Amino acid sequence: MTQQIPQQRDDRETVAIEATREGGPVDPPVTSTTFADITSRRDVRPILPAALRSRAGWVGLVVDTARLAVHASGFHAVRLPLYAGRAAMYAPRGLWRALYLPVRWASAEEGNWHLRQQAANRNDPQTWLALDERRMRHSSWRWPVVITLAFAVAVSGVTFAYFAPGGRWVIVGALFLLAGWMGRPADKPIVDRVTLGGTYVRLTADLTRAALVACGAGIKDPAAVTFPREIARDPAGRGHVAVISLPAGVVATDVIDRRDRLAAGFRLPVDQVWPDPVRGEHPGMLEIYVSDKPVSAMRQPPWPLLEEGTTDYFEPFPYGADVRLRPVTWSLAERNSLFGGVPGSGKSLAARNVLLGAVLDPLVIPVISELKGSGDYDCFEQLCPPGMYVCGADERSIARTLDIIEWLYGLCEERGPLVAKYARAGMNSVKKVNRAMAEHDERLRPVVAMFDEVQEFMSSKHGIKGPGAPMLLSTIKRARALGIHVIVATQRFDKDSLPKAISSLITNRAALAVPAQPETDMILGTSAYRTGARPTAFVPGEDSGWMVRAGFTAGYETVRAALVDDDQAAAVCARALALRSGVRPEPGPVRVHARNLLDDVRRVWDGSEPALWSELIVPRLRHLDPEVYGDLTVEIFGARMAAAGVPTADIGRRIDGKATTRKGVRLAALDARIKAAELESR
């Protein structure tokens, strides 16, 4: 019986002793695998091979096989005289070998010839006789075999030559070819090879392990590399795919960073080996796609919309192909697009493909500002509203770009109430433009606005330092729901050329050839480089049009824009104009100019205050006219005031005894500008 120690009421050091509690087992109990566990697994092998599960797969397999067969037949047909000459030259030597080799095998001379020679050199007759007796035992049964086979071949040949029509010539031809084949040197085959380069090597687990060890990614033991599923043929039928579980401590990006060494381990060109992370898996899972031949040597499929077809702004349309030459699409509705790449990366042509797909919807209105002046978009001018196509690098072109941004900003102001009205009428379950609204009201037709070389505008007085950047930011924020798609393309990557506030709002992102990791992360998003995106591997000029894009799947995709030259682009634009019956769209009124901003600010001003913060003026304007100023922000207000000639200034106040400075408007500057405007209008 346990004796309890009496506890004092104020004694905090005395505790009751409780029985020891045993926890659960550290490791879960080992259970055997049941039949239900096996049948419920998802990773089961498909019934049909990967190349036969899609139309593109088996069509590609049949076409490639037939093309190679036809080419090989013609290749060998024109060389038959050469093959016959080589066979005749090697036939005498082959005939001698055909007679000599069976006799040599039957005499068993090669079995222990070296041992008998050593015994003779040592003057050891007993060993020599023992070895020769062993040779004779082997030879005693080999001679009957050779004689029997020779007799059988002779009888069969004579019988075939006597009874079969033309059998004599068949026998002579077969003996001629056999003698030529046996007499040829090892390094001089009779038949030439159809293909150049190394022979085709099938992707195997051993070859993959050897390449991974050789690439220097920290893998020492080949056995530590495992394959969760078998190496299989790509469904498109143009290569093999290996899904690999890397050893502990090695991540997929360690291998991706050494793609050139990995290709060297496979003994293949770099553009034939494509390592990528596996979406939805841990960082140590790697997928390697090895194409049958370098992607640069494959003919890219033509753009499906090059000669016929239309698109729908609200549905994806064909854009290009990935590294496996599978078609990829581009989406416009409720999105915006960003293209970034160094000069020569094919940035403008890749962005132009998006415009080409967009204008094949007759409802779409294109608006373009190209501040390089190269004329890459000249074929679209006939489709743009008057004054909404800008091409040039001068100050006038930059000022006209500001007019386009102001027009888009006003368009957002105008479309908001219309979309809400039609949504309440049952044309859409959400307050977003759909095709029914666009077809019902021409004021809601989709608009695709292109800003190429946007860094030229941002670095001007109208951009970050003026009203343009805040207006563009506000437009991008609201445009996706209002049927407006903004495309931004740049070759410079810094906060002054592409503000993060703008790039972070864009869904469709494409990084073409870029210099390093910071540029990759600026275009594709933070940590894009760390998680496997490698647009740094593209070479400007050589890899024109290749890009790593984000926003279309859970990870990153390596794709290439369809190759559409200037003449083909002009033909597509001509078709787009025909879809519009040859009529150019007219720009609607810009609602941002429907009211006089300076007069409205003066109207909401309390005359007793010499200056007001912008954050106090904006709510008063919203209350004055919610339809026009409902989406007005402090940043947009400052930009529009600057454009009207009254830039906001730093205004200090004391709040709870602390000095606070914020942007605002001084009454004296506002009244002076209003008076000046009145004098100018007279």
In segment 176-192, is there at least one residue being in contact with a Phe, Trp or Tyr (Cβ under 8 Å, 6 or more places away or on another chain), assigned to a loop (DSSP other than H, G, I, E, B) and under 30 Å from ALA232 (Cα atoms)? no
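Please note which helices (runs of 4 or more DSSP H) are completely contained in segment 1-116 and include at least 3 residues that are at pLDDT 80 or above. So that I can check it myself, show each step before the final result.
On the way: elements: 35-39, 55-77, 80-107.
Filter on segment 1-116 gives 55-77, 80-107.
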Among the candidates VAL564, VAL618, single out the residue that is at pLDDT 80 or above, surrounded by 16 or more Cβ atoms within 10 Å (Cβ to Cβ), in a loop (DSSP other than H, G, I, E, B) and not charged (D, E, K, R). VAL564
Please go through segment 201-213 and give me each residue that is of a type in the set (D, E, K, R) and in a loop (DSSP other than H, G, I, E, B), ordered by number. ARG202
Among ASP543, ASP565, which is free of Cβ contacts under 8 Å to residues at least 12 places away in the same chain, under 30 Å from TYR289 (Cβ atoms) and assigned by TED's automatic domain parsing to the domain that holds PRO470? ASP565
Checked against (1) in contact (Cβ under 8 Å) with a residue 40 or more places away in the chain; (2) surrounded by fewer than 19 Cβ atoms within 10 Å (Cβ to Cβ), ASN596 satisfies every condition except (1)
Which residues, taken from segment 648-682, are surrounded by fewer than 14 Cβ atoms within 10 Å (Cβ to Cβ), in contact with a Gly (Cβ under 8 Å, 6 or more places away or on another chain) and assigned to a loop (DSSP other than H, G, I, E, B)? none
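Got a sec? Which of GLY645, GLY630 is on the phi > 0 side of the Ramachandran plot, exposed (fewer than 15 other Cβ atoms within 10 Å of the Cβ) and small (Gly, Ala, Ser)?
Values: GLY630 fails: on the phi > 0 side of the Ramachandran plot.
Going through GLY645, GLY630 in turn, the sole match is GLY645.
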Going by the conditions given, is VAL62 out of contact with any Lys or Arg (no Cβ under 7 Å at 6 or more places or on another chain), loosely packed, with under 15 Cβ neighbours inside 10 Å, over 25 Å from VAL194 (Cα atoms) and not polar (S, T, N, Q)? no
Residue under question is ARG299, and the condition is that it be surrounded by fewer than 20 Cβ atoms within 10 Å (Cβ to Cβ), free of Cβ contacts under 8 Å to residues at least 24 places away in the same chain and over 13 Å from the mean Cα position of the chain (by Cα); does it hold? yes
Quick one: count up the residues across segment 80-122 that are more than 21 Å from GLY173 (Cα to Cα), in contact (Cβ under 8 Å) with a residue 24 or more places away in the chain and either of a type in the set (D, E, K, R) or not assigned by TED's automatic domain parsing to the domain that holds HIS138 (or both). 1
Check ASN428 against each of (1) touching a helix residue (DSSP H, G or I) at 6+ places or on another chain (Cβ under 6 Å); (2) part of a loop (DSSP other than H, G, I, E, B); (3) surrounded by 16 or more Cβ atoms within 10 Å (Cβ to Cβ) and name the one condition it does not meet. (1)
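Suppose we filter ARG168, ARG209 for residues that are surrounded by 14 or more Cβ atoms within 10 Å (Cβ to Cβ) and at pLDDT 75 or above; which single one remains?
Numbers: ARG168 fails: at pLDDT 75 or above.
Sole residue among the options that is surrounded by 14 or more Cβ atoms within 10 Å (Cβ to Cβ) and at pLDDT 75 or above: ARG209.
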Please determine whether any residue of segment 291-304 is within 26 Å of ALA528 (Cα to Cα) and either in contact with a strand residue (DSSP E or B) (Cβ under 7 Å, 6 or more places away or on another chain) or modelled with pLDDT of 90 or more (or both). yes
What are the residue pairs meeting all of these: first residue in segment 433-456, first residue hydroxyl-bearing (Ser, Thr, Tyr), second residue surrounded by fewer than 20 Cβ atoms within 10 Å (Cβ to Cβ), Cβ atoms under 6 Å, and 6 or more apart or on different chains? none
Among residues belonging to segment 546-561 that are in a strand (DSSP E or B) and among the aromatic types (Phe, Trp, Tyr), point out the one that is farthest from LEU383 (Cα to Cα). TYR556
Please enumerate the residues belonging to segment 653-663 that are within 14 Å of LEU616 (Cα to Cα) and not polar (S, T, N, Q). ARG653, ARG662, LYS663
Looking at segment 277-285, can you tell me whether even one residue there is under 22 Å from ARG233 (Cβ atoms) and surrounded by fewer than 16 Cβ atoms within 10 Å (Cβ to Cβ)? yes
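Taking segment 495-518 as the search range and keeping residues that are without any contact (Cβ under 8 Å) to a residue 24 or more places away in the chain and part of a loop (DSSP other than H, G, I, E, B), which one is nearest to SER331 (Cα to Cα)?
Kept after step one, since they are without any contact (Cβ under 8 Å) to a residue 24 or more places away in the chain, are these residues of segment 495-518: 495, 500, 504, 516-517.
Applying the additional criterion that residues be part of a loop (DSSP other than H, G, I, E, B) yields 495, 504, 516.
On the way: LYS495: 27, SER504: 18, ALA516: 28 Å.
Filtering segment 495-518 for residues that are without any contact (Cβ under 8 Å) to a residue 24 or more places away in the chain and part of a loop (DSSP other than H, G, I, E, B), the one nearest to SER331 (Cα to Cα) comes out as SER504.
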The residue from ARG530, ARG480, ARG492, ARG575 that alone is in the same structural domain as LEU444 (by TED's automatic domain parsing), in a helix (DSSP H, G or I) and modelled with pLDDT under 90 is ARG480
Options ALA533, ALA516; residue that is more than 26 Å from PRO585 (Cβ to Cβ) and surrounded by fewer than 17 Cβ atoms within 10 Å (Cβ to Cβ): ALA516
Could you give me the residue pairs with C-beta distances under 6 Å whose first residue belongs to segment 134-147 and is of a type in the set (Phe, Trp, Tyr), whose second residue is part of a helix (DSSP H, G or I) wherever it lies, and which are 6+ apart or on separate chains? TRP143/ALA106
It is to be established whether one or more residues within segment 446-466 are closer than 20 Å to VAL364 by Cα, part of a loop (DSSP other than H, G, I, E, B) and not assigned by TED's automatic domain parsing to the domain that holds ASP631. yes
Restricting segment 455-475 to residues that are surrounded by fewer than 24 Cβ atoms within 10 Å (Cβ to Cβ) and either among the polar types (S, T, N, Q) or closer than 20 Å to SER504 by Cβ (or both), the one modelled with the lowest pLDDT turns out to be ILE464
Among the residues in segment 533-543, are any touching a Gly at 6+ places or on another chain (Cβ under 7 Å), farther than 23 Å from PHE457 by Cβ and not aliphatic (A, V, I, L, M)? yes
Can you tell me which of VAL213, VAL225 is among the hydrophobic types (A, V, I, L, M, F, W, C), free of Cβ contacts under 8 Å to residues at least 40 places away in the same chain and within 30 Å of PHE266 (Cα to Cα)? VAL225
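The values are calculated or read from the model by the stated rules, or taken from the named source; none is laboratory data. This one's a predicted model, so the numbers in the text were calculated from it and none came from an experiment. We place every Cβ from the backbone using ideal geometry, glycine too, and count neighbours over all the protein chains shown.
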